Amino acid sequence: MKESKAERLLERLNGAFAGPSKLLYYPLIVKEAHGSTVTDVEGRDYIDFNAGWTVAGVGFSNPEVVEAVKEQVSLSAGLAGGTFPSETAIQFAEKLVSMTPGRFEKRVWFGHSGTDSCAAAYKLIPMATGRERSVTFFGGMHGVDLAGLAMGGIRSTNKYRVPSLVTKVPYAYCYRCPYGLEYPSCGVYCASDFIEEQVFKNVCPPEDTAFMLVEPMQSDSGDIVPPREYLPKLRKTTEKFGIALVADEVKIGFGRTGKMFGVENTGVVPDAVALGKSVSSGIPVGALVAKKELFPEAFAISTLVGNAVGAAAGIATIRIIERDHLSERAAKLGRRLRKRLDEMKERHPLIGDVRGQGLILGVEFVKDRKKKTPARIETAKVVYRAWQLGLLTVFVGSDANVVELTPPLVISEEDLEAGADILDRAIGEVERGGVSDAVVRDYTGM
């Protein structure tokens, strides 16, 4: 049988891309993407429930963002923003300062990605405070450079040898509590109680701890939403010991959780916010927005950071989110999709848990609801079969058993319902044994 164009391109991909540069869930090669629709090289359209790992919050190839980038490229492509700043970049920085939580005096450090933003906290806050240590959390994903690997607590990055002064503690994963406790009778022990009584006492002196980096909702480890008391308790602890609280909003920020920033769902005001992904709709931009005093007088810049092209994309993206009330829309559509998922859980024994906020939802699959045995292969099959039926999803989680749903915030209600229908069908077919192990052999995420 003659090879398809996609098959030929996949062979070329495998012959050119290094293994660590690929993360494939099905044999898809994309031709173009617009709004919430992705089209492959064979001309087939897919409903997208991923948004490029949340990058395309305002939709793929948003015309307003494209036009802003085209105009700025024609004016200043290649200009190094740190040395030759532009009015556009200044305007972008001012907007980030004004919109992020906190009324204190802030500054913005620019990078190229969320990885850069988290790494800036790792490098700069200890220098500014004179404290060397930091606290992060099991399940955290903060990038793939050495700083991100040092701070991360996720299975996919734990093989790298990275010496550091980072102490990692369990996150509030109530479905699989690492302490064997039950919420709410636990009193959210995993927050300040454990950290103050055990971590600070035995391994990480608070007087030498510069910052605590936390995702208000963990994404890559399984779309885990902590109890409402969790972030406030962490904030109380950091204030007690003079430790900076840094919120990693790289994946969940810019309207996705139903608020502009996920931390706003908790009522907590962090000292710094790390941004990336959807901040500029696909133009590489990262930013750490923090209290002025958390930035030392030091050199930490690369050539094209703060460039006007990325700033133009960011300004256009934020304008669309605010003007079209996409945060509120995400909350509304998220409730609608969550209702569909809860209904599926009643009918599909493979579903162990459904959770999330706004338009970032996770469906955890288990082989046995009582034992909560992760259904890793079955999860890969659900994602693969959904692709065959016309829906793009991915799976995440420490056991690769959580289907993550993060459609563009502009997705139509019709596409949202159609995508849910496909997911429902895919789960049913997997439960009935309609998808073989062989088809997902190369797409199990590990």
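The values are calculated or read from the model by the stated rules, or taken from the named source; none is laboratory data. Everything quoted here is computed from the prediction, not taken from an experiment. Cβ atoms come from the backbone with ideal geometry, glycine included; neighbour counts cover every protein chain shown.
Check residue 75 against each of (1) surrounded by 12 or more Cβ atoms within 10 Å (Cβ to Cβ); (2) part of a loop (DSSP other than H, G, I, E, B) and name the one condition it does not meet.
Just one mismatch for residue 75, condition (2).
Among all residue pairs at least 6 apart or on different chains, which show Cβ distances below 6 Å where the first residue, located in the stretch 83-94, is at negative phi and the second is buried (at least 22 other Cβ atoms within 10 Å of the Cβ) and part of a loop (DSSP other than H, G, I, E, B)?
Listed by first residue and then by second, the contacts come to 89/81; 89/306.
Give the number of residues within the stretch 67-122 that are β-branched (Val, Ile, Thr), at pLDDT 95 or above and within 22 Å of the chain's Cα centre (by Cα).
Restricting attention to the stretch 67-122, the residues satisfying the condition of being β-branched (Val, Ile, Thr) are 69, 73, 83, 88, 90, 97, 100, 108, 115.
Those left that are additionally at pLDDT 95 or above: 69, 73, 88, 90, 97, 100, 108.
Checking the rest, the ones that are also within 22 Å of the chain's Cα centre (by Cα) come to 97, 100, 108.
Total meeting the criteria: 3.
Could you list, ordered by first residue, the pairs with Cβ atoms under 9 Å in which the first is in the stretch 6-26 and touching a residue at least 12 places away in the same chain (Cβ under 8 Å) and the second is among the charged types (D, E, K, R), at least 6 apart or interchain?
6/40; 6/42; 13/22; 24/442
Looking at the stretch 362-376, which of its residues are small (Gly, Ala, Ser) and closer than 9 Å to residue 352 by Cβ?
The initial filter retains those residues of the stretch 362-376 that are small (Gly, Ala, Ser), namely 362, 375.
Selection gives 375 alone.
Looking only at the stretch 194-226, filter to residues that are crowded, with 19+ Cβ neighbours inside 10 Å and of a type in the set (Asp, Glu); which one of those is farthest from residue 395 (Cα to Cα)?
215
Applying the selection to the stretch 420-446, what residues are assigned to a loop (DSSP other than H, G, I, E, B), among the hydrophobic types (A, V, I, L, M, F, W, C) and buried (at least 16 other Cβ atoms within 10 Å of the Cβ)? Working first, answer last.
Restricting attention to the stretch 420-446, the residues satisfying the condition of being assigned to a loop (DSSP other than H, G, I, E, B) are 432-437, 441-446.
Adding the requirement that they be among the hydrophobic types (A, V, I, L, M, F, W, C) leaves 435, 446.
Within the stretch 420-446, 435 is the sole residue that qualifies.
Mind listing just one residue for me: the one in the stretch 48-65 that is of a type in the set (Val, Ile, Thr) and under 20 Å from the mean Cα position of the chain (by Cα) and, of those, nearest to residue 251 (Cα to Cα)? Outline the logic, then answer.
Pass one, the stretch 48-65, residues of a type in the set (Val, Ile, Thr): 54-55, 58, 65.
After this cut, where a residue has to be under 20 Å from the mean Cα position of the chain (by Cα) as well, the list is 54-55, 58.
Working: 54: 6, 55: 8, 58: 14 Å.
It comes out as 54.
Scanning the stretch 98-112 for residues that are out of contact with any Lys or Arg (no Cβ under 8 Å at 6 or more places or on another chain) and touching a residue at least 24 places away in the same chain (Cβ under 8 Å), which turns out surrounded by the fewest Cβ atoms within 10 Å (Cβ to Cβ)?
From the stretch 98-112, those out of contact with any Lys or Arg (no Cβ under 8 Å at 6 or more places or on another chain) are 98-99, 101, 103, 108-112; that's our starting set.
Remaining after also requiring touching a residue at least 24 places away in the same chain (Cβ under 8 Å): 99, 101, 108-112.
Working: 99: 15, 101: 20, 108: 21, 109: 24, 110: 27, 111: 26, 112: 18.
If we take residues in the stretch 98-112 being out of contact with any Lys or Arg (no Cβ under 8 Å at 6 or more places or on another chain) and touching a residue at least 24 places away in the same chain (Cβ under 8 Å), then 99 is surrounded by the fewest Cβ atoms within 10 Å (Cβ to Cβ).
Of all residues being part of a loop (DSSP other than H, G, I, E, B) and in contact with a Pro (Cβ under 8 Å, 6 or more places away or on another chain) in the stretch 40-70, which is surrounded by the fewest Cβ atoms within 10 Å (Cβ to Cβ)? Just the residue, please.
Taking the stretch 40-70 and keeping what is part of a loop (DSSP other than H, G, I, E, B), we get 41-44, 49-59, 61-62.
Cutting the leftovers down to in contact with a Pro (Cβ under 8 Å, 6 or more places away or on another chain) gives us 49-51, 56-59.
On the way: 49: 27, 50: 21, 51: 28, 56: 29, 57: 28, 58: 28, 59: 24.
The qualifying residue surrounded by the fewest Cβ atoms within 10 Å (Cβ to Cβ) is 50.
Do you know which residues across the stretch 162-194 are touching a Lys or Arg at 6+ places or on another chain (Cβ under 9 Å), within 20 Å of residue 239 (Cα to Cα) and in a helix (DSSP H, G or I)?
192, 193
Looking at the stretch 277-302 only, could you name the residues that are buried (at least 20 other Cβ atoms within 10 Å of the Cβ) and not in a loop (DSSP other than H, G, I, E, B)?
Matches in the stretch 277-302: 277, 278, 279, 286, 287, 288, 289, 290, 294.
Output yes when any residue across the stretch 183-193 is in contact with a helix residue (DSSP H, G or I) (Cβ under 8 Å, 6 or more places away or on another chain), in the same structural domain as residue 248 (by TED's automatic domain parsing), buried (at least 16 other Cβ atoms within 10 Å of the Cβ) and without any contact (Cβ under 8 Å) to a residue 40 or more places away in the chain, and no when none is.
Taking every residue of the stretch 183-193 in turn, none turns out to be in contact with a helix residue (DSSP H, G or I) (Cβ under 8 Å, 6 or more places away or on another chain), in the same structural domain as residue 248 (by TED's automatic domain parsing), buried (at least 16 other Cβ atoms within 10 Å of the Cβ) and without any contact (Cβ under 8 Å) to a residue 40 or more places away in the chain.
Kindly indicate the residue of the stretch 252-273 that is touching a residue at least 40 places away in the same chain (Cβ under 8 Å) and small (Gly, Ala, Ser) and also nearest to residue 331 (Cα to Cα) among those meeting that condition.
Top of the filtered list is 258.
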